[in-house]
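Right, one structure below, let's go through it.
The values are calculated or read from the model by the stated rules, or taken from the named source; none is laboratory data. No experiment lies behind these values; they were computed from the predicted model shown. Cβ coordinates were reconstructed from backbone atoms using ideal geometry, including for glycine residues, and neighbour counts include every protein chain displayed. Side chains are part of the model used for accessible areas, which takes the heavy atoms of the whole protein and leaves out ligands, DNA and RNA. Shrake-Rupley method; radii C 1.70, N 1.55, O 1.52, S 1.80 Å.
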Amino acid sequence: MAASSRAQVLRLYRALLRESQRFGGYNYRTYAIRRIRDAFRENKNVTDSEKIEELLNKAKANLEVIQRQV
């Protein structure tokens with residue numbers, strides 16, 4: 001994975017965690033954080049650039065959903 005792509009993934013990961021911290025309910029907050037961490041751990045060894053791009057787009061969409069919910 002290219003350095004810029006890695007940096008982009010890390011920025012997205014941090015943004016997702018940061019936004020998830022804003023959930024009011026404890027259960028929603030912990031569930032969201034757990035799902036984010038599990039998803040990123042599950043896909044950490046993906047090397048196919050198309051698959052990485054697909055996962056990034058999915059994560060960006062999820063970030064927008066979290067931002068609307070919070």
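Annotations for the structure displayed:
- The set of residues in segment 10-24 being more than 8 Å from the chain's Cα centre (by Cα) and surrounded by 15 or more Cβ atoms within 10 Å (Cβ to Cβ) consists of GLU19, SER20, PHE23.
- Output for segment 56-68, where each listed residue is loosely packed, with under 14 Cβ neighbours inside 10 Å and closer than 13 Å to ARG35 by Cβ: LYS58, VAL65
- Being free of Cβ contacts under 8 Å to residues at least 40 places away in the same chain, open to solvent by less than 40 Å² (accessible area, probe 1.4 Å) and not basic (Lys, Arg) is a property that ILE52 lacks.
- Tally, over segment 25-49, of residues that are within 20 Å of SER4 (Cα to Cα) and open to solvent by less than 100 Å² (accessible area, probe 1.4 Å): 5
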